[in-house]
Amino acid sequence: MNAELRPFSLPLADPLDTARGTIERREGFLFRLESEPEAVGVGEATPLAGWTESQDECLQALEDAADAIDADGDPQSALSNHNLKYTPAARHALDLALADLRASRAGDPLYRWLGATERVESVPVNATVGDSGVEETVAEAERAADAGFECLKVKVGARPLAADIERIEAVADALSAVELRADANGAWSRQQAQQFLDAVGDRLAYVEQPLPATDLGGLAALSGPIALDETLAEGEFEDALDANPKAVVLKPMALGGPRKAVELAEEAREEGVSPVVTTTIDGAVARTAAVHVAAAIPDVPACGLATAKMLESDLGPDIAPVADGRAVVPQGEGNGTADTWRYDD
């Protein structure tokens, strides 16, 4: 067994403004495993500040993993390294490469190897409506609904609270048959979050991350449906569930790999919490794997997987395209993205 690394840099179609600054590119590494008899698995590490380790930390962890695999030929041993807990993007690359290799060897698509018992042709996805004024928010939401999306996530938290309440009310009035979610990215105080929930909580499936990630006490005290995202990257999963969320937003890149995401989805379901799979604006390899993760979860709700168009270029062809509000689940062996190793866009 041997391992190789390849760096990449993908420009976004449009710069993305976040609470932690503007993102113009997604940079990371492909990680390739090859064994005898010939079998190949490819993983992706695309670190994102606030959710994962830094670029330099990711590279060091992957180089150490590659050296260990080249020395003893055992990727599972490298994956068990305790230090990878602190570098989830690097762990994701190794976990995905190994899962891709093993699923390919078994002749199964990755989602079946991850535990799905039936064939899944597609999974539902949500569209994301960005921050803008009331009229443009409604227009963008209507365009998404016309494109077949039955679930919309509206970004909130960048405007005065009253303005965001007005935006949600306007979209809910215009699209009464569409499921609405709101995402505050931890922007509010406890008082603001509760005011928002009191005003429009009954018109939303949930409000994602209404308070800062570490305010578990405040999150647990809120009255109304909430989902947790950034909180999952800051502490133990069991502690997050103690905040009584309606849903948890599972990013395989931030959790340490596709198998970990499926495991946590099962744990959430056991506690009556809905698992929603999303990406961190990943390249084609990790994005496709996230689709497989969603397909491995029975009756998965709409997931945040419609992110390919946010990239100006990609690691390879999009084999899990989104149409009519659903992402196609690839049926080939493994993740289906091994050719990206030598893809030249």
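For this structure, a couple of remarks:
- Taking the listed residues ALA268, ALA286, the one that is within 11 Å of the chain's Cα centre (by Cα) and in a helix (DSSP H, G or I) is ALA286, with no other qualifying.
- Here the condition is being in a strand (DSSP E or B) and among the aliphatic types (A, V, I, L, M); of LEU33, LEU59, it holds for LEU33 alone.
- Residue count, segment 279-296 (criterion: touching a strand residue (DSSP E or B) at 6+ places or on another chain (Cβ under 6 Å) and under 21 Å from GLU230 (Cβ atoms)): 5
- Whenever a residue of segment 32-56 is free of Cβ contacts under 8 Å to residues at least 40 places away in the same chain, its partners that are in a loop (DSSP other than H, G, I, E, B), lying with C-beta atoms within less than 7 angstrom and at least six residues away or across chains, give the pairs ALA49/ARG20; GLU53/PRO47; GLU53/THR87; SER54/PRO47; GLN55/PRO47.
- Filter pass, VAL156 being within 22 Å of the chain's Cα centre (by Cα), farther than 22 Å from ALA294 by Cα and buried (at least 23 other Cβ atoms within 10 Å of the Cβ): yes
- Residue that is surrounded by the fewest Cβ atoms within 10 Å (Cβ to Cβ) [pool: residues in segment 191-213 that are closer than 18 Å to GLU166 by Cβ and among the aliphatic types (A, V, I, L, M)]: ALA199
A quick yes/no check of all residues on (1) hydroxyl-bearing (Ser, Thr, Tyr); (2) in contact with a Leu (Cβ under 7 Å, 6 or more places away or on another chain):
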| residue | (1), (2) |
| --- | --- |
| GLU266 | no, no |
| GLU271 | no, yes |
| SER274 | yes, no |
| ALA289 | no, yes |
| ILE297 | no, no |
| ALA302 | no, no |
| LEU305 | no, no |
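- If you go through segment 70-113 and pick out every residue that is of a type in the set (Lys, Arg), farther than 19 Å from GLN55 by Cα and under 18 Å from the mean Cα position of the chain (by Cα), you end up with 0.
- Taken over segment 243-276, the residue count meeting the criterion of being more than 15 Å from ALA97 (Cβ to Cβ), in contact (Cβ under 8 Å) with a residue 40 or more places away in the chain and buried (at least 22 other Cβ atoms within 10 Å of the Cβ) is 7.
- Residues that are of a type in the set (S, T, N, Q) and either assigned by TED's automatic domain parsing to the domain that holds VAL40 or touching a residue at least 24 places away in the same chain (Cβ under 8 Å) (or both) number at least 2 in the following helices (runs of 4 or more DSSP H) confined to segment 72-153: 75-79.
- Residue in segment 5-14 that is over 20 Å from THR279 (Cα atoms) and in a strand (DSSP E or B) present: yes
- Verdict on GLU63 being surrounded by 22 or more Cβ atoms within 10 Å (Cβ to Cβ), among the acidic types (Asp, Glu), touching a strand residue (DSSP E or B) at 6+ places or on another chain (Cβ under 9 Å) and closer than 21 Å to MET1 by Cα: no
The values are calculated or read from the model by the stated rules, or taken from the named source; none is laboratory data. Values in this document were obtained by computation on a predicted structure and should not be read as measured data. Every residue, glycine as well, gets a Cβ built from its backbone with ideal geometry; the counts of neighbours run over all protein chains shown.
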